[in-house]
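Peer 1: Just passing along the structure, written as structure tokens.
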Amino acid sequence: MNMEKVTSYEEMGRILANERAVLVLLKSRQCSVCDAVGAQLLEWEKGVQEVSVKSVQIEEVPEVSGQWTVFTAPTLVFFVEEKEVWRGSRFIRWDELDRVIERVM
């Protein structure tokens, strides 16, 4: 699987409305931690089939960070049925995310 890049706030809204579980990586240019988390996410995604994984470049879609109150990159936001159920920033606790997914799925 590959992370689909979302290029507008409207597109993100359609994705959240049409998919049950979505994990979104919000990242910034020139961010080495964003690159590292992105690589970890690609590896993590291989073991989780029921979650759709998307990425958003916050410089290209600033509405997402504004509407979701994201102040730092990278940030992962996990949605189930259009509701945020988990958020992690900078250094991601993958075990915590796994527990949340097990609980809500």
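The values are calculated or read from the model by the stated rules, or taken from the named source; none is laboratory data. Small disclaimer: the values here were computed from a predicted structure and weren't measured. Virtual Cβ from ideal backbone geometry, glycine too; neighbours counted across all protein chains shown.
Peer 1: Answer with yes or no whether residue 60 is acidic (Asp, Glu), in a helix (DSSP H, G or I) and either surrounded by fewer than 16 Cβ atoms within 10 Å (Cβ to Cβ) or touching a residue at least 60 places away in the same chain (Cβ under 8 Å) (or both).
Peer 2: Numbers: acidic (Asp, Glu): yes; in a helix (DSSP H, G or I): no; either surrounded by fewer than 16 Cβ atoms within 10 Å (Cβ to Cβ) or touching a residue at least 60 places away in the same chain (Cβ under 8 Å) (or both): yes.
Here the answer is no, as residue 60 does not meet what is asked.
Peer 1: Among the candidates 65, 55, single out the residue that is over 17 Å from residue 93 (Cβ atoms), at pLDDT below 95 and surrounded by 15 or more Cβ atoms within 10 Å (Cβ to Cβ). Working first, answer last.
Peer 2: On the way: 55 fails: at pLDDT below 95.
Exactly one of 65, 55 is over 17 Å from residue 93 (Cβ atoms), at pLDDT below 95 and surrounded by 15 or more Cβ atoms within 10 Å (Cβ to Cβ), namely 65.
Peer 1: Could you say which residue among 20, 29, 87 is modelled with pLDDT of 95 or more and over 12 Å from the mean Cα position of the chain (by Cα)?
Peer 2: Of the residues listed, the single one that is modelled with pLDDT of 95 or more and over 12 Å from the mean Cα position of the chain (by Cα) is 20.
Peer 1: Quick one: is residue 87 surrounded by 12 or more Cβ atoms within 10 Å (Cβ to Cβ) and of a type in the set (Lys, Arg)?
Peer 2: Numbers: surrounded by 12 or more Cβ atoms within 10 Å (Cβ to Cβ): yes; of a type in the set (Lys, Arg): yes.
In short, yes.
Peer 1: Those residues that are modelled with pLDDT of 90 or more, surrounded by 13 or more Cβ atoms within 10 Å (Cβ to Cβ) and of a type in the set (A, V, I, L, M, F, W, C), I need them from region 32-52; list them, please.
Peer 2: Once the filter is applied, which keeps residues that are modelled with pLDDT of 90 or more, surrounded by 13 or more Cβ atoms within 10 Å (Cβ to Cβ) and of a type in the set (A, V, I, L, M, F, W, C), region 32-52 yields 33, 34, 36, 37, 41, 42, 44, 51.
Residues checked against (1) within 20 Å of residue 93 (Cβ to Cβ); (2) in contact with a His (Cβ under 9 Å, 6 or more places away or on another chain); (3) touching a residue at least 40 places away in the same chain (Cβ under 8 Å):
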position	(1), (2), (3)
6	no, no, yes
16	no, no, yes
36	yes, no, no
46	yes, no, yes
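Peer 1: Then there's this: Just to check your reading of the model, which residue among 45, 59 is out of contact with any Cys (no Cβ under 8 Å at 6 or more places or on another chain), within 19 Å of residue 84 (Cα to Cα) and of a type in the set (Asp, Glu)?
Peer 2: 45
Peer 1: Restricting attention to region 18-31, and to residues there that are under 17 Å from residue 88 (Cα atoms) and out of contact with any helix residue (DSSP H, G or I) (no Cβ under 7 Å at 6 or more places or on another chain), which single residue is surrounded by the most Cβ atoms within 10 Å (Cβ to Cβ)?
Peer 2: Restricting to residues being under 17 Å from residue 88 (Cα atoms) and out of contact with any helix residue (DSSP H, G or I) (no Cβ under 7 Å at 6 or more places or on another chain), the top hit is 24.
Peer 1: Being aliphatic (A, V, I, L, M) and part of a strand (DSSP E or B) is the filter here, so list the residues in region 69-88 that pass it.
Peer 2: Of everything in region 69-88, those that are aliphatic (A, V, I, L, M) and part of a strand (DSSP E or B) turn out to be 76, 77, 80, 85.
Peer 1: Kindly provide the set of residues from region 89-105 that are assigned to a helix (DSSP H, G or I) and of a type outside the set (Phe, Trp, Tyr), ordered by number.
Peer 2: Result: 95, 96, 97, 98, 99, 100, 101, 102, 103, 104.
Peer 1: Further question on the same structure: So in region 1-39, with the set limited to residues that are of a type in the set (Val, Ile, Thr) and in a strand (DSSP E or B), which one is farthest from residue 81 (Cα to Cα)?
Peer 2: 6
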